[in-house]
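Attaching a single structure in structure tokens format; questions to follow.
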Amino acid sequence: MISKSWQQRLLTLPPLGYLLVLFAIPTLIMLFASFRYTGEYGGLAPWYAYKDGGLTLELTLENWQRLFETDIYLRLFVKSIGYAVFTTLLCILLGYPLALMIARSPRKHRDLLLLLVILPFWSNFLVRIYAWMILLSPNGAVTQLINSIRDVFGLAPVSLMYSASAVIICLVYVHLPFMVLPLYANLEKHSSALLDAAQDLGANRWRRFWNITWPLSLPGVYAGSILVFIPVLGMFAIPDLLGGTDGVMIANVIKQQFVESRDWPFGSVLSMVLTAAAVLVVLLGAKFGRQGGR
Amino acid sequence: MFKLLEIKDVSRNFAGFTALDKVSLAIAAGEFFTLLGPSGCGKTTLLRLIAGFDQPDGGDILLDGKSIIATPPERRPLHTIFQNYALFPHMTVADNVAFPLRMVGCNKAEIERRVSAALKDVSLPDKAGHYPDALSGGQKQRIAIARALVNRPRLLLLDEPLSALDAKLREQMQLELIKLQKEIGITFVYVTHDQGEALALSHRIAVMNHGAIAQVDEPSRLYGFPRSRFVADFIGHCNLLAGKVMQLQGDRVLVELAGLGAVQVMMPPDVTVEVGSACTLTLRPEKINISSSLSQDEVQAHFKGVVHDMLYLGDVTVYKVELVNGMLVEALLANSSPGRARFFEVGDQVEVAWLSDAGHLVMD
């Protein structure tokens, strides 16, 4: 028993070390950076200095104060969380029927259908975004189709590119497989005997879904939601390329602080808030996920 | 007899395989009826047709005289106990039992009252707040029964419900099922491949084979008066001696057993016996007597043999005796019988004998 637990502990060391070096320590560095001054040419100024022959700490709360000086950042946070929630909901709405369909299709077809779900991963992320830029451009197929339908109802043509809708469409497109896969993994394990029993005891199709399938699939919904929500919250490439000024998200501002303004301390502040927001949402989700699963 | 459930010429084919071939049955209200047969005989297919999970290719199923073929399972006034209980893992025991009541929109107070009554019926009133994974196999079984009976269906279908339990618990649950069925008076249709279970539980049994019904009868008649070799062989242990009808003598038949000689057998009821036709004499091992001394009793058939094998089972000993024609006959002797002189050993010369009304004749 002792040797076994030793082996188990030994096995957890590499992943623990990995998380420590590449996640925990960088987060602490970032937290520390949020209290430092900006360097003369951007980046970070030294956090200590020798003055009057003594060592003084060069730390400040200025960066954090700046966050609350205007409401622009907080509103951007709220908007980004809104985008992430909306994208997650759309992914559930689109991904659930798909996952259910695959899970209930004949076993021999399932592998092929799953392959089709992950097929987009075979091409580069940016290439796929550029493809959407073409589709959503004023002469693109999607825009043309939508505007020709609007025309039938006598509505003025719209432009999709560089808008919040373009960002949401693409966010959903990119993240849908992350919802479908955990949902499928959950739904596939459901025993059909439970549905037979529910039907036998008087539940129609609708009630079988809401009383049996849905509550049992909540851990999958929760896992998929985390896998969609967190990356969407930190997404900057899609709003950068498709969002214009309308679709800016908080990660764009963070990227701007680090790359263009070279204001690393303030960039760190925004990053910390984003991380905290993500952790909070995950914890809340975990709480509800557990309650719902039972 | 009031026919609660009537199955009329029901057939079901699966891609090139006939699971049920024009099966007809009538089950009375309040009956404990068992579908018994080896795996693949069509008993589970028939149960699924009654429950509504599958549709017959021909024939009709009537409940209270009305066809239920077009009624979906959720609207048939009958419930099923599944082999692995199929309790909902995300609901408490109370919610599981309340499920059928919620589906028909009972009010809260009514649900509470009937759930606690149902849990009392299966002697598990203190498990209401537990989740199914905290229950033992026997408890799960009882909850499944409580759930299926809580809204008093017309009919309860049970699909090998005891097969997942160990032998001791199974016996206990058998007694409980009999008691419960008697108390609530709901008609049970029970599917099993275990002939012992079927004999112990049922009022009547339909023995099925190859998608057809071989015989429907009360347990004791099924055991004592099988209509075919298959039924004789499937229910309990049985010696099957091939023979030929020699002569009819009133209520007796003279049968020539190949290589042994003629024996007298009782005329089987409801069967036409013709001289010269092939038949099988079915003899239960407990009806064969083994002794060392030769008896010359007229009413007994007796043959010489050698003990070939023996199985000591505690309460009884099973002997396999090789007769003069090379045929093996199984005889069962109770070890408790007062006159039990001695055990026979392998290789002992013995005489096997049976009374003329011990055997039962089956026409081939």
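Out of region B:82-110, which residues are under 22 Å from A:Leu195 (Cα atoms) and more than 12 Å from chain A (Cβ to nearest Cβ)?
Within region B:82-110, B:Val93, B:Ala94 qualify.
When region B:176-204 is examined, which residues are found to be buried (at least 22 other Cβ atoms within 10 Å of the Cβ) and among the basic types (Lys, Arg)?
none
Return only the number of the condition from (1) assigned to a loop (DSSP other than H, G, I, E, B); (2) touching a Cys at 6+ places or on another chain (Cβ under 9 Å) that A:Val180 does not satisfy.
Going through the list (1) assigned to a loop (DSSP other than H, G, I, E, B); (2) touching a Cys at 6+ places or on another chain (Cβ under 9 Å), A:Val180 breaks only (1).
Any chance region A:287-294 includes a residue that's within 14 Å of chain B (Cβ to nearest Cβ), closer than 24 Å to A:Phe23 by Cβ and under 19 Å from the mean Cα position of the chain (by Cα)?
yes
Quick test of your reading of the structure: B:Ala214 fulfils all but one of (1) in the same structural domain as B:Ala353 (by TED's automatic domain parsing); (2) at pLDDT 90 or above; (3) aliphatic (A, V, I, L, M). Name the failing condition by number.
Checking B:Ala214 against (1) in the same structural domain as B:Ala353 (by TED's automatic domain parsing); (2) at pLDDT 90 or above; (3) aliphatic (A, V, I, L, M), the one that fails is (1).
Can you name the residue in region B:115-137 that is in a helix (DSSP H, G or I), within 14 Å of chain A (Cβ to nearest Cβ) and open to solvent by 60 Å² or more (accessible area, probe 1.4 Å) and, of all such residues, is farthest from A:Asp200 (Cα to Cα)?
B:Ala134
Of the numbered conditions (1) free of Cβ contacts under 8 Å to residues at least 40 places away in the same chain; (2) closer than 28 Å to A:Gly43 by Cα; (3) open to solvent by 60 Å² or more (accessible area, probe 1.4 Å); (4) under 19 Å from the mean Cα position of the chain (by Cα), A:Asn252 satisfies every one except a single condition; which is it?
(3)
Here is a follow-up. For the condition among the small types (Gly, Ala, Ser) and within 21 Å of A:Ile226 (Cα to Cα), what is the one hit in A:Ala45, A:Ala24?
Sole residue among the options that is among the small types (Gly, Ala, Ser) and within 21 Å of A:Ile226 (Cα to Cα): A:Ala24.
Could you check, for region A:259-276, whether at least one of its residues is within 30 Å of A:Ile134 (Cβ to Cβ) and in contact with a Ser or Thr (Cβ under 8 Å, 6 or more places away or on another chain)?
Checked against the condition, which is being within 30 Å of A:Ile134 (Cβ to Cβ) and in contact with a Ser or Thr (Cβ under 8 Å, 6 or more places away or on another chain), region A:259-276 yields no hits at all.
Another question, then. Could you tell me whether A:Asn211 is touching a residue at least 12 places away in the same chain (Cβ under 8 Å), within 14 Å of chain B (Cβ to nearest Cβ) and either touching a Ser or Thr at 6+ places or on another chain (Cβ under 8 Å) or closer than 22 Å to A:Ser163 by Cα (or both)?
Spelling it out, it is not the case that A:Asn211 is touching a residue at least 12 places away in the same chain (Cβ under 8 Å), within 14 Å of chain B (Cβ to nearest Cβ) and either touching a Ser or Thr at 6+ places or on another chain (Cβ under 8 Å) or closer than 22 Å to A:Ser163 by Cα (or both).
Taking the options A:Phe266, A:Phe258, A:Phe229, name whichever one is more than 14 Å from chain B (Cβ to nearest Cβ) and either out of contact with any helix residue (DSSP H, G or I) (no Cβ under 9 Å at 6 or more places or on another chain) or closer than 25 Å to A:Ile169 by Cα (or both).
Testing whether each residue is more than 14 Å from chain B (Cβ to nearest Cβ) and either out of contact with any helix residue (DSSP H, G or I) (no Cβ under 9 Å at 6 or more places or on another chain) or closer than 25 Å to A:Ile169 by Cα (or both) leaves just A:Phe229.
Shifting gears a bit: Could you list, in sequence order, all residues of region B:64-73 that are crowded, with 18+ Cβ neighbours inside 10 Å and within 8 Å of chain A (Cβ to nearest Cβ)?
Matches in region B:64-73: B:Pro73 only.
Additional query: Within region B:138-168, take every residue that is small (Gly, Ala, Ser) and either open to solvent by 40 Å² or more (accessible area, probe 1.4 Å) or outside the structural domain of B:Ile68 (by TED's automatic domain parsing) (or both) and give me the one that is nearest to B:Ile68 (Cα to Cα).
B:Ser163
So A:Pro46 ticks every box in (1) open to solvent by less than 100 Å² (accessible area, probe 1.4 Å); (2) under 28 Å from A:Ile254 (Cβ atoms); (3) in a helix (DSSP H, G or I) but one. Which box is left unticked?
The number of the failed condition is (3).
Please name all residue pairs, on different chains or six or more residues apart, with Cβ atoms under 7 Å, provided the first residue is in region A:268-293 and is at pLDDT 80 or above and the second residue is open to solvent by 30 Å² or more (accessible area, probe 1.4 Å) and hydroxyl-bearing (Ser, Thr, Tyr).
Once the first residue is at pLDDT 80 or above and sits in region A:268-293, its partners that are open to solvent by 30 Å² or more (accessible area, probe 1.4 Å) and hydroxyl-bearing (Ser, Thr, Tyr) give A:Leu270/A:Tyr73; A:Thr275/A:Thr27.
Mind listing whichever residues of region A:214-234 are without any contact (Cβ under 8 Å) to a residue 60 or more places away in the chain and in contact with a Gly (Cβ under 7 Å, 6 or more places away or on another chain)?
Selection gives A:Ile226 alone.
Something else now. Any idea which of A:Val228, A:Val248, A:Val269, A:Val253 is of a type outside the set (Ser, Thr, Tyr) and outside any helix (DSSP H, G or I)?
Every option except A:Val248 fails the conditions.
The values are calculated or read from the model by the stated rules, or taken from the named source; none is laboratory data. Just so you know, these numbers come straight off a predicted model, no measurement behind them. Methodologically, a virtual Cβ is constructed for each residue, glycine included, from the backbone with ideal geometry; neighbour enumeration extends over all protein chains shown. Note: accessible area is taken over every heavy atom of the protein model, side chains too, but ligands, DNA and RNA are not part of it. Shrake-Rupley method; radii C 1.70, N 1.55, O 1.52, S 1.80 Å.
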